[in-house]
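Here's the structure, in structure tokens; my notes come after.
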Amino acid sequence: MDTRTQPVSYDLPEPLLRIGGESQPAAEGATYTSYNPSTEEIVTELSAASPADVDRAVAAARAAFENGEWSRTPAAERGKILVRIAELIERDTQTLAALEAVEMGKLFHDSVNGDIPAAASVFRHFAGWADKIGGASMALPDFGPQRRFGFTMRQPLGVVAAITPWNNPALITAWKLAPALAAGNTIVLKPAEDASLSTLKLVELFAEAGLPDGVVNVVTGIGSIAGAALAAHPDVDKVTFTGSPAVGQTIPTHVGGKFRKIVLELGGKSPQLIFDDADLASAMPWIAMGNFYHQGQVCAAGTRVLVHRSIVDEVVDGLVEAAEAANIGDPFDESSTMGTIVNKKQLDRIGGYIESGKREGATLITGGNFVGDRGYFVQPTVFMGHNDLTIAREEIFGPVATVIPFDTEQEAVALANDTRYGLNAMVYTSDLSRTHRVIADLKVGTVWVNGWGVPEPQLPWGGRDASGIGRELGFAGVEADTEEKTVHIGF
Ligand code: NAD
């Protein structure tokens, strides 16, 4: 574990767009302000891309794709550059983690020990894929007098538009870029307003690693302007978007008569199903972490805590103990176990949900208050309630758990599936047959059994229903960044 205490020294990356390998201001010099959510102080002014800037970035990505400097680089060479990127991320872990702590309040030591090494692992994993992206070959039946042979090949798509959220900026950027780059695509990336600095730093590392100019272009800016222009750009071959369902549903599947690939990684309201045969001593830290880690600002958070009625008191006591032990404070302080909420708007949104829980009759067991008079801190909060409460139906994106009792396995699964979301679910049990039954019946993209965790690069990640469409990571990530071509050869 990293044990560094503040102050951590770091340099801000140039707060400019990156287009065709050049750092440049937005058209007409437009900017927006980045704030530190722990201190409410200004961090820097970032360039706010206009639709014209987005046009230039897409043109640069298109030119870099068509000139073949990247797409026709021998695949093993592409892999080497991705390995180099992983090494540079590891070298600059402290800086990347500090930028995330400063701009969106994630605990510095959580980034140092979690997100940043995980981002490096993603680049390393897909580096290994670069020269293994192939197809299938098979003999075909004769067609009349002709003998035939068939095979498939996977080719890069072209220009990939990537739009990322603020909650795990470096890691989610890695999820989107590493497979796309391994396959030979070029990219235009639009990071979130509240978390662009670690992304800009990553792009500096890409250049240092030897990625050719124009292969990754970055348009920082306002979502409804730069994001919308990128998502609707007619010269983009794929849009990969991670963010809220409200914005995800506006991403067009076709523009100007042309269809493109779409991957949407959206929100969640995930259940944790805790059966009476669970090993609670080992489960409790995971259950708590699934609610309070990163202040609950995690798509995979398990905020619907479905508990067998016979063990409700023990689970509630465990959650209360974890909540009341939280040390909420400066993200750079190694003794902090929870940092800040990303911005004032989000803090107020969480406060609104806490009020709605009280108003609708849920029992507030602990927490429920903002903390301090500077910065956006909130107590981890536990309600006892039911699945029809607003706090149990809508994604809060804050540390607010709702404990919901059940009596039977069938009821637990029905409650788990009674949601518009379908990202992930956690199941705690020591009964192997139950484990398999419940896994089979849960309508989600991922199930974690007897623990809570993070997506791993080896396995696909994604949701269904309001949690999105398509998959990232694993071989599914490679498939999502390539077009499969089928060839019949007559002879
Ligand atoms: P958001 O939807 O507000 O923003 C996401 C990105 O979209 C940002 O870069 C934003 O600038 C951009 N954007 C905003 N309006 C746009 C528009 N009209 N057109 C195109 N782009 C636009 O989401 P957020 O608040 O940044 O992130 C939180 C959400 O992300 C939560 O719902 C969370 O569950 C989800 N999320 C999902 C995953 C996953 O893997 N499924 C991972 C992390 C976060």
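The values are calculated or read from the model by the stated rules, or taken from the named source; none is laboratory data. If you're wondering where the values come from, they're calculated on a predicted model, not measured in any experiment. Here the Cβ is made from the backbone with ideal geometry for all residues, glycine too, and neighbour counts use every protein chain on show. For the accessible areas, the whole protein counts, side chains as well, though only heavy atoms, and no ligand, DNA or RNA atoms are used. Shrake-Rupley method; radii C 1.70, N 1.55, O 1.52, S 1.80 Å.
Brief remarks on what is shown
- Selection within the stretch 326-342 - hydroxyl-bearing (Ser, Thr, Tyr), within 16 Å of residue 380 (Cα to Cα) and open to solvent by 10 Å² or more (accessible area, probe 1.4 Å): 337
- Output for the stretch 466-491, where each listed residue is part of a strand (DSSP E or B), open to solvent by 10 Å² or more (accessible area, probe 1.4 Å) and away from the ligand (no atom under 13 Å from the Cβ): 483, 484, 485, 486, 487, 488, 489, 490
- A single member of 234, 271 is open to solvent by 20 Å² or more (accessible area, probe 1.4 Å) and either touching a strand residue (DSSP E or B) at 6+ places or on another chain (Cβ under 9 Å) or free of Cβ contacts under 8 Å to residues at least 40 places away in the same chain (or both), and it is 234.
- The helices (runs of 4 or more DSSP H) found entirely in the stretch 349-465 that carry 2 or more residues being closer than 28 Å to residue 115 by Cα are 390-393.
- Residue list for the stretch 154-163, restricted to those being touching a Leu at 6+ places or on another chain (Cβ under 7 Å) and open to solvent by 10 Å² or more (accessible area, probe 1.4 Å): 163
- When residue 228 is tested against (1) within 13 Å of the ligand (Cβ to nearest atom); (2) touching a helix residue (DSSP H, G or I) at 6+ places or on another chain (Cβ under 8 Å); (3) open to solvent by 10 Å² or more (accessible area, probe 1.4 Å), only condition (2) is not met.
- Residue in the stretch 231-288 that is farthest from the ligand (Cβ to nearest atom), counting only those that are at pLDDT 95 or above and among the polar types (S, T, N, Q): 282
- So residue 12, is it open to solvent by 70 Å² or more (accessible area, probe 1.4 Å), aliphatic (A, V, I, L, M) and either touching a residue at least 24 places away in the same chain (Cβ under 8 Å) or outside any strand (DSSP E or B) (or both): yes
- Matching residues in the stretch 401-418 - criterion: being open to solvent by 10 Å² or more (accessible area, probe 1.4 Å) and of a type in the set (Gly, Ala, Ser): 414
- Restricting attention to the stretch 113-131 and to residues that are touching a residue at least 40 places away in the same chain (Cβ under 8 Å), open to solvent by 30 Å² or more (accessible area, probe 1.4 Å) and of a type outside the set (Gly, Ala, Ser), the residue that is farthest from residue 96 (Cα to Cα) turns out to be 131.
- Output for the stretch 297-318, where each listed residue is surrounded by 24 or more Cβ atoms within 10 Å (Cβ to Cβ) and either under 19 Å from the mean Cα position of the chain (by Cα) or more than 16 Å from the ligand (Cβ to nearest atom) (or both): 297, 299, 301, 302, 303, 305, 306, 307, 315
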